């Protein structure tokens, strides 16, 4: 396991652009990451984002991702969907997800040392979070942000995952809400295309704050990753 920092937000005032301010912000963030013993600093960006270009100039490598959303009120193809019902989160939810990541085929992802750390990231959010059971094996956390259902976390048998995403998008549609999720899993992108959802290409950028970690971080780009919306911020 490695300690990482996450670059959540940054911008330059219009009147100060073109003076290298943002590059200095990124450099300062890397310096702070090094002081805190981080192997890498991560930035989650869309393909056309200026932060991504800045991180590339600093030697970052990337993992492809997708920002998946309904074009309006979520809509899915007609047909049966998995059943959804309310649930209570327990410490078994993140424990099962961690165990699944550790089984072949191995995937890299965020590790939370205990239920409290996981709950602080996934449940203690600015807006209401609804825990749901989906189908036979899947569990989901959906944050209600204005008119959008944000799928912050989803775990379950991979064979049921696509159907679970379809059911969650349909659940948003039935309540006349939009649907959003983020994923680094290529199969989720394929599911989005089949459901008629919009998929905006993105990248999880990773840069080593110190030269001694550069080889390690470069190798991460070749790994299979499972990073979800709730992990990012």
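Read-outs throughout are calculated quantities, based only on the coordinates presented, and are distinct from any laboratory measurement. Since we're looking at a predicted model, the values are computed, not measured. Using ideal geometry, Cβ is built from the backbone for each residue, glycine included, and neighbour counts are taken over all protein chains shown.
Descriptive notes on the structure:
- Distance between modelled label sites at residue 136 and residue 117, nm, 7 Å Cα→Cβ extension: 3.3
- Among 43-54, 18-29, the order from most to least packed when residues are scored by Cβ within 10 Å on average: 43-54, 18-29
- In the elastic network of the chain, a GNM with C-alpha springs shorter than 10 Å, the most mobile of 32, 175, 103 is 103.
- Rounded to 5, percent antiparallel among DSSP beta bridges of the chain: 80
- By average C-beta atoms within 10 angstrom, highest first, the peptides 208-221, 133-146: 133-146, 208-221
- Label-point gap, in nm, between residue 194 and residue 87 - each point 7 angstrom along Cα→Cβ: 2.1
- The range 68-199 - percent relative contact order, Cα under 8 Å, separation 6 or more: 37
- Our note on the geometry: Cα centres of the range 5-66 and the range 113-138, 28 Å apart.
- Ranked by the mean number of other Cβ atoms within 10 Å per residue, highest first, peptides 162-170, 199-207, 86-94, 55-63 order as 162-170, 199-207, 55-63, 86-94.
- Tilt relative to the chain, helix 158-174 - C-alpha long axis, 0 to 90 degrees, to 10: 80
- Crossing angle, helix 92-101 versus the chain [Cα axis fit, 0-90 degrees, rounded to tens]: 60
- Computed from label points 7 Å out along Cα-Cβ, the spacing between residue 145 and residue 214 is 3.5 nm.
- Over the range 30-189, the Kirkwood radius and the radius of gyration, each from Cα atoms, give a ratio Rg/Rh of 0.98.
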